[in-house]
Amino acid sequence: MFERKPVVPKPAHQSPIVYVIDDDLSMRESLVDLFKSLRMEASGFEHANEFLKNVDHGRPGCILLDVRLPGLSGLDFQNQLEAMGNRLPVVFMTGFGDIPMSVRAMKAGAVDFLTKPFRDQDVLDAVAAAIEKDGMLRRESAASDAVNSLVGTLTPRELEVMKAVVKGLMNKQIAFDLGISEITVKLHRGNVMRKMQARSVADLVRMVEAVTTR
């Protein structure tokens, strides 16, 4: 149900970057120029493999991805990114969009699906929404890492007691299941609440659920 995980230190805060992946050079350059004109960081790539060689996986941002790319299609590349654990939000763009294609993209987690030609404001709004989503995902990840850090301070027995507490078991049942006295359970339970910095059992349950549901 719940395991202690090592916490990897996060790098210092970085500004978001927009990765533009499109084999159309003029489109790619115009989009990069648009973002840079608004003092946003952006980088353009002709194909998916070029992006993978240069992407900073730890940096916040989003991907503006053309559906039709040489080699691996944009939709297939989105699936590959998911399998790799890359959670950068994706905004699709295409000159040949249709309803089934857009539905597939959105079901796979795309933030938006833009049909070329689109207005500058449309792509800016879509990218802003994607960056906001990325920020939310990173905050959730940071909160989860913080909980994991606290869990790392628990002894094996305290971890067992915590698992039982979040299941809603009473001290008497926990004592019976673990083969220890009820007084010992109360001591471990107090240590769990203190180490986890939980103000109540409900608070402890929310903390654990935030990690186990990721």
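A few comments on the model shown:
- Residue identified as among the polar types (S, T, N, Q) and within 30 Å of LYS36 (Cβ to Cβ) among SER141, SER181, SER200, SER149: SER141
- Any hit, region 93-106, residues being modelled with pLDDT of 90 or more and polar (S, T, N, Q): no
- Inclusion of GLY109 among residues that are within 14 Å of VAL18 (Cα to Cα) and touching a Pro at 6+ places or on another chain (Cβ under 8 Å) is not warranted.
- Residue count, region 167-204 (criterion: open to solvent by 60 Å² or more (accessible area, probe 1.4 Å), outside any loop (DSSP other than H, G, I, E, B) and among the hydrophobic types (A, V, I, L, M, F, W, C)): 3
- Residues that are under 23 Å from GLU29 (Cβ atoms), modelled with pLDDT under 95 and acidic (Asp, Glu), drawn from region 111-142: ASP112
- Within region 78-111, if we keep just the residues that are in a helix (DSSP H, G or I) and touching a Phe, Trp or Tyr at 6+ places or on another chain (Cβ under 6 Å), the residue that is surrounded by the fewest Cβ atoms within 10 Å (Cβ to Cβ) turns out to be SER102.
- In region 60-69, the condition of being assigned to a helix (DSSP H, G or I) and open to solvent by 60 Å² or more (accessible area, probe 1.4 Å) is met by no residue.
- Filter result for the condition that a residue is free of Cβ contacts under 8 Å to residues at least 24 places away in the same chain and either open to solvent by less than 30 Å² (accessible area, probe 1.4 Å) or within 18 Å of LEU137 (Cα to Cα) (or both), over LEU114, LEU75: LEU114
- Meets criteria (more than 30 Å from MET196 (Cα to Cα) and modelled with pLDDT of 85 or more) for ASP145: no
- Any hit, region 19-38, residues being of a type in the set (Lys, Arg), open to solvent by 20 Å² or more (accessible area, probe 1.4 Å) and at pLDDT 85 or above: yes
- Set ASP134, ASP145, ASP122: member being part of a helix (DSSP H, G or I), open to solvent by less than 30 Å² (accessible area, probe 1.4 Å) and of a type in the set (Asp, Glu): ASP134
- Restricting region 168-207 to residues that are within 35 Å of the chain's Cα centre (by Cα) and among the basic types (Lys, Arg), the residue that is nearest to GLU140 (Cα to Cα) is ARG206.
- Residue pairs meeting the criteria (Cβ under 6 Å; at least 6 apart or on separate chains; first modelled with pLDDT under 95, in region 57-72; second hydroxyl-bearing (Ser, Thr, Tyr) and buried (at least 16 other Cβ atoms within 10 Å of the Cβ)): VAL67/THR94
- When we screen VAL123, VAL127, VAL90 for residues that are among the β-branched types (Val, Ile, Thr), on the phi < 0 side of the Ramachandran plot, more than 19 Å from the chain's Cα centre (by Cα) and in the same structural domain as PHE35 (by the TED database), the only hit is VAL123.
- Single match in GLY44, GLY61, GLY74 (criterion: within 16 Å of VAL127 (Cα to Cα) and touching a Ser or Thr at 6+ places or on another chain (Cβ under 9 Å)): GLY61
The values are calculated or read from the model by the stated rules, or taken from the named source; none is laboratory data. As the structure is a prediction and not an experimental result, all values here were calculated from the model. Please note: Cβ atoms are built from the backbone with ideal geometry, for glycine as well, and neighbour counts cover all protein chains shown. Just the protein is used for accessible areas: all its heavy atoms, side chains included, with ligands, DNA and RNA removed. Shrake-Rupley method; radii C 1.70, N 1.55, O 1.52, S 1.80 Å.
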